[in-house]
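> I'd like to ask you about the structure that follows.
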Amino acid sequence: MDPAVREGLARDWKSLMAVGVLAIAIGCVAIVVPALAAVGTAIFIGWILLIAGAFLVAGAFAANSIGTVLLRLLWALLTVVVGLWLIVEPHNGTLTLTLVLGIYFLFMGLTRIAVAFAGRGQAGAGLVGLSGLAGLLIGILVLAKFPSSADWAIGLLVGIDLIIAGWTLTSVALVGKDLSRA
């Protein structure tokens, strides 16, 4: 391990542990109250799009032709409008995000299954296929229950992701704790 990484882990393991435990706690809340987590996610994504739109507006004027500037400004305007819509109407935004999420999982699952079949006999192809099957099933479940799945799908998946991220951070923090003792 790189000495700078070792030193950083040994020095900051408590912060990593705190963030990891916090992520696990928030993930558990998101699973218990998925509708609240879905609305929070919609608002968060809205703010990200709003900030990105501002950068896109600034970057539009770096283009070489008026046509390119106009296309970039149109892209920026669309980004800002969608961001504002998610912030102002997060409940409606969760419907759209859930639909997009379901379609994403459906196509991601089909793609991974196709990749697994193409890579038959290679190491890891079975795990890619299994991952694809899981994604396909999640996509079908979300889309089959749409629009009622908007109440739970995003919050549940965000909760699971936060718990996994928290688990990873606490595991890394424990390595840092061991390094600090050495």
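> Is it the case that the stretch 52-62 has a residue that's under 17 Å from the mean Cα position of the chain (by Cα), modelled with pLDDT of 95 or more and more than 30 Å from S171 (Cβ to Cβ)?
The answer is yes; a qualifying residue exists.
> Let me ask something additional. Say whether the condition of being part of a helix (DSSP H, G or I), touching a helix residue (DSSP H, G or I) at 6+ places or on another chain (Cβ under 8 Å), within 30 Å of P3 (Cβ to Cβ) and small (G, A, S) is met by at least one residue in the stretch 155-165.
yes
> Which condition does L16 not pass, out of (1) farther than 30 Å from T94 by Cβ; (2) surrounded by fewer than 17 Cβ atoms within 10 Å (Cβ to Cβ), if it passes all the others?
(2)
> Can we say A38 is crowded, with 19+ Cβ neighbours inside 10 Å and either modelled with pLDDT of 95 or more or among the acidic types (D, E) (or both)?
no
> Tell me, yes or no, whether the stretch 128-142 has at least one residue that is within 30 Å of V33 (Cα to Cα), buried (at least 17 other Cβ atoms within 10 Å of the Cβ), in contact (Cβ under 8 Å) with a residue 40 or more places away in the chain and under 18 Å from the mean Cα position of the chain (by Cα).
yes
> What is the residue count in the stretch 143-154 for residues that are of a type outside the set (A, V, I, L, M), surrounded by fewer than 15 Cβ atoms within 10 Å (Cβ to Cβ) and assigned to a helix (DSSP H, G or I)?
1
> Determine which single condition L157 fails, assuming it passes every other condition in (1) surrounded by 17 or more Cβ atoms within 10 Å (Cβ to Cβ); (2) in contact with a Gly (Cβ under 6 Å, 6 or more places away or on another chain).
(2)
> Any chance the stretch 41-48 includes a residue that's within 16 Å of the chain's Cα centre (by Cα) and free of Cβ contacts under 8 Å to residues at least 40 places away in the same chain?
Checking the stretch 41-48: at least one residue is within 16 Å of the chain's Cα centre (by Cα) and free of Cβ contacts under 8 Å to residues at least 40 places away in the same chain.
> Output the number of the condition that T94 fails; it satisfies all remaining conditions of (1) of a type in the set (V, I, T); (2) under 30 Å from V57 (Cα atoms); (3) more than 21 Å from the chain's Cα centre (by Cα).
(3)
> Before we move on, is L77 free of Cβ contacts under 8 Å to residues at least 24 places away in the same chain, loosely packed, with under 15 Cβ neighbours inside 10 Å and assigned to a helix (DSSP H, G or I)?
Here the answer is no, as L77 does not meet what is asked.
Conditions tested, residue by residue: (1) assigned to a helix (DSSP H, G or I); (2) touching a helix residue (DSSP H, G or I) at 6+ places or on another chain (Cβ under 9 Å); (3) of a type in the set (G, A, S).
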residue	(1), (2), (3)
A4	yes, no, yes
K14	yes, yes, no
V19	yes, yes, no
A38	yes, yes, yes
A42	yes, yes, yes
I45	yes, yes, no
L56	yes, yes, no
A62	no, yes, yes
T98	yes, yes, no
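The values are calculated or read from the model by the stated rules, or taken from the named source; none is laboratory data. Nothing here was measured: the structure is a model prediction, and the numbers come from that model. Note: ideal-geometry Cβ built from the backbone for every residue, glycine included; neighbour counts use all protein chains shown.
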